1. Are any residues in segment 194-242 assigned to a strand (DSSP E or B) and among the aromatic types (F, W, Y), and if so, which ones?
2. Scanning for something over 26 Å from E186 (Cα atoms) and buried (at least 21 other Cβ atoms within 10 Å of the Cβ), does segment 114-127 turn up at least one residue?
3. Name, by its number, the condition in (1) among the aromatic types (F, W, Y); (2) modelled with pLDDT of 95 or more; (3) in a loop (DSSP other than H, G, I, E, B) that does not hold for Y44.
4. If you scan segment 150-188, which residues turn out to be open to solvent by 10 Å² or more (accessible area, probe 1.4 Å), in contact with a Ser or Thr (Cβ under 9 Å, 6 or more places away or on another chain) and closer than 20 Å to T46 by Cα?
5. Determine if segment 135-149 includes at least one residue that is within 14 Å of the chain's Cα centre (by Cα), open to solvent by 50 Å² or more (accessible area, probe 1.4 Å) and of a type in the set (A, V, I, L, M, F, W, C).
Amino acid sequence: MKENQNNPLLCDPITGTCELPDAGTQDSSQFMMLNQKKPVKIIYYTDPICSSCWGIEPQLRKLKLEYGEYIEIDYRMGGLLPDWSYNSGGISKPSDVAHHWEEVSAYYEMPIDGGVWLEDPLPSSYPPSIAVKAAQMQDKEKAIVFMRKLREYVFLEKKNITKWEVISAAAKTVGLDVEQLKKDYESGDAKKLFEEDLAFGRQLGVRGFPSMYFSGSDDKRFLVYGFKPYETFEDAIKQLVPEAKKKAINTSTPLTLFEHYPTLTAKEYSVLYSISVKEAQKTLEALVSENKLSKLVIKTGTLYQKK
């Protein structure tokens with residue numbers, strides 16, 4: 001057992017990070033972006049079971065809507081949990097994660113049910129990470145939606161996303177070719193891409209998640225590390241493209257944003273509509289009463305979906 005290494009699933013809500021043990025020192029010279037099509041390239045190191053990455057979903061979704069014309073995001077998998085050979089920092093076995101996840105949920109105001117770690121614990125985050133790389137081989141946009149679905153499965157529905165039947169269900173839901181995904185997942189091609197992500201992450205000195213590396217057309221580069229307020233992400237873009245103008249988010253009706261994002265939490269809705277979480281909950285519940293939305297209720301919150 002690696003007695004002196006914190007389990008990476010012990011995410012710190014104060015710093016907003018899920019940290020890797022034995023991470024290297026960051027080498028900022030490594031993240032110059034090549035072949036970028038938009039003014040700002042973002043390399044986003046994440047993991048399907050990173051609770052802090054789930055925490056920044058509201059900020060990330062808003063950034064895409066307001067500054068989407070300026071940014072392109074390269075999603076990289078970081079390999080948060082290779083296995084369970086970590087035995088310190090308050091987490092030594094899967095059941096220890098359950099309560100911790102629910103503490104994180106309260107801090108970020110994003111619903112999480114830690115029950116998966118009691119009922120059907122994940123042995124590693126590598127299988128869903130490889131599945132995301134297989135999805136990227138097929139369709140990068142659908143791969144983003146696929147990873148979101150995997151997160152909803154594990155954080156809200158207590159599903160073990162290392163299992164192929166769960167992975168394939170998520171793929172089918174978002175419109176991926178499931179047979180092709182299985183082929184790429186099992187052939188080793190997706191695993192190779194995942195290993196390349198891990199290797200590049202070591203070059204960058206990725207030490208935890210979320211890690212977002214912003215780069216412009218000149219030598220300016222910024223790392224936004226961990227859970228941060230929306231303004232921090234926005235400022236990184238403004239530093240690289242001072243003339244960048246945010247696009248007004250269309251909030252003309254209470255349902256408008258469900259056209260962009262099929263599922264939303266109250267926190268996400270509040271951030272996107274620039275209202276309080278309490279106001280968001282009131283609006284969303286009214287839409288449920290009008291039979292315009294369905295909802296998934298768990299003990300720490302609710303996920304809403306347009307009917």
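1. Those that are assigned to a strand (DSSP E or B) and among the aromatic types (F, W, Y): F209, Y213, F214, F222, Y225.
2. Scanning segment 114-127, I find at least one residue that is over 26 Å from E186 (Cα atoms) and buried (at least 21 other Cβ atoms within 10 Å of the Cβ), so the answer is yes.
3. Tallying (1) among the aromatic types (F, W, Y); (2) modelled with pLDDT of 95 or more; (3) in a loop (DSSP other than H, G, I, E, B), Y44 fails exactly one: (3).
4. Within segment 150-188, just T162 meets the criteria.
5. yes
Yes or no, residue by residue, for (1) among the aliphatic types (A, V, I, L, M); (2) open to solvent by 80 Å² or more (accessible area, probe 1.4 Å); (3) at pLDDT 95 or above; (4) farther than 24 Å from T173 by Cβ:
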position: T253; (1), (2), (3), (4): no, no, yes, yes
position: Y269; (1), (2), (3), (4): no, no, yes, no
position: Q281; (1), (2), (3), (4): no, yes, yes, yes
position: A286; (1), (2), (3), (4): yes, no, yes, yes
position: T300; (1), (2), (3), (4): no, no, yes, no
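The values are calculated or read from the model by the stated rules, or taken from the named source; none is laboratory data. From a predicted model like this one, the values you see are computed outputs, not experimental measurements. We place every Cβ from the backbone using ideal geometry, glycine too, and count neighbours over all the protein chains shown. In case anyone asks, the SASA skips ligands and DNA or RNA and just uses the protein heavy atoms, side chains included. Shrake-Rupley method; radii C 1.70, N 1.55, O 1.52, S 1.80 Å.
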